[in-house]
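**Student:** Okay, handing you the structure first.
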Amino acid sequence: MTVELNFPKLKTIFLLSLFCFLGDSCKDDDSIPEPFEDFVSDFYSNTSSLEIIIGYETNAEPYISYGGRDAWDVTLNNIQNLLKDKNITVSGPKKLNKMTDFGVLEQKSYSRQNILDLAKDLQVYSNKDSAKGITIVFLDGYYIRDGEILDQVLGLNIGNTSVLAIFKPVIDASSSSKAEQTLVEQSTVTHEIGHALGLVNNGVRATSAHHDVANGSHCTNTECVMYWMNGAGDISKFITPFLTGNDVTLFGNQCIEDVKAK
Ligand SMILES: [Zn+2]
Ligand SMILES: [Zn+2]
């Protein structure tokens, strides 16, 4: 499948979201070659703080503002809201000088092992104690799996880990509008953190019938960021409040309730 460039911008965003949110592309379930953390199983037992730790390849830095607002408030506020009944404090950088610049990396596509290696350099927590960290690497290239370059994948959470990757060329191809690119980026980050934190039925049990089993660890609520197509039927309604700078609640009530019950 290819992105139809003649589509209206919002439909392009929808298509790109579709590729990201397809279960296997988005939530990498490849067999694990060595023992890794089981992030979510420990997370809800003893966590008091969660820090979002960010590294980026030169020229793939995250967007930090749109419309005069801090872009990262979108992710931080939504994850804090998701965890509001857990006494877990969420923090993370909002400026590039609080993130790590990896410099220019030689390769243009990245395997799960490449991503895990980069994330290891960023991580400062063991994730066994009460203070935990999620690492996100922003890459100037594409995800490669089994030798295939997946040039429509916006981002992923490597299964059972606290590791996320964002593929900047795919984010940038989503729109010519900086604000919309920022929206796509923040929405993707929030979605992938949602997977890392156990949504949907991915370590946190679904407490109502909203698990979209056919599409992996996703939500049937079309107005929830964990919906596999992220608002397929109504994407403009989904993003309008985002673009105008109003507070945006990205998680639907069902996902919020699952975490609350965990
Ligand atoms: Zn997903
Ligand atoms: Zn949901």
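The values are calculated or read from the model by the stated rules, or taken from the named source; none is laboratory data. Being a predicted model, the structure only gives us computed values, none of them experimental. Heads up, the Cβs are rebuilt from the backbone with ideal geometry, glycines too, and the neighbour counts pull from every protein chain shown.
**Student:** Pick out the one residue from Ser187, Ser176 that is touching a residue at least 40 places away in the same chain (Cβ under 8 Å), small (Gly, Ala, Ser) and more than 24 Å from Ile54 (Cα to Cα).
**Tutor:** Ser176
**Student:** Yes or no: Glu57 within 21 Å of Leu154 (Cβ to Cβ) and touching a residue at least 12 places away in the same chain (Cβ under 8 Å)?
**Tutor:** yes
**Student:** Across segment 173-191, which residue is modelled with the highest pLDDT among those that are surrounded by 20 or more Cβ atoms within 10 Å (Cβ to Cβ) and hydrophobic (A, V, I, L, M, F, W, C)?
**Tutor:** Looking at the filtered set, the residue picked out is Val189.
**Student:** Can you give me the number of residues within segment 34-72 that are among the polar types (S, T, N, Q), under 19 Å from the mean Cα position of the chain (by Cα) and farther than 27 Å from Asp129 by Cβ?
**Tutor:** Number of matching residues: 1.
**Student:** Would you mind stating whether Val170 is more than 16 Å from ligand 2 (Cβ to nearest atom) and at pLDDT below 95? Before you say what the answer is, go through the steps one by one.
**Tutor:** On the way: more than 16 Å from ligand 2 (Cβ to nearest atom): yes; at pLDDT below 95: yes.
Answer is yes for this residue.
**Student:** Of the residues Asn157, Asn215, Asn202, which is surrounded by fewer than 21 Cβ atoms within 10 Å (Cβ to Cβ) and within 11 Å of ligand 1 (Cβ to nearest atom)?
**Tutor:** Of Asn157, Asn215, Asn202, the one residue that is surrounded by fewer than 21 Cβ atoms within 10 Å (Cβ to Cβ) and within 11 Å of ligand 1 (Cβ to nearest atom) is Asn215.
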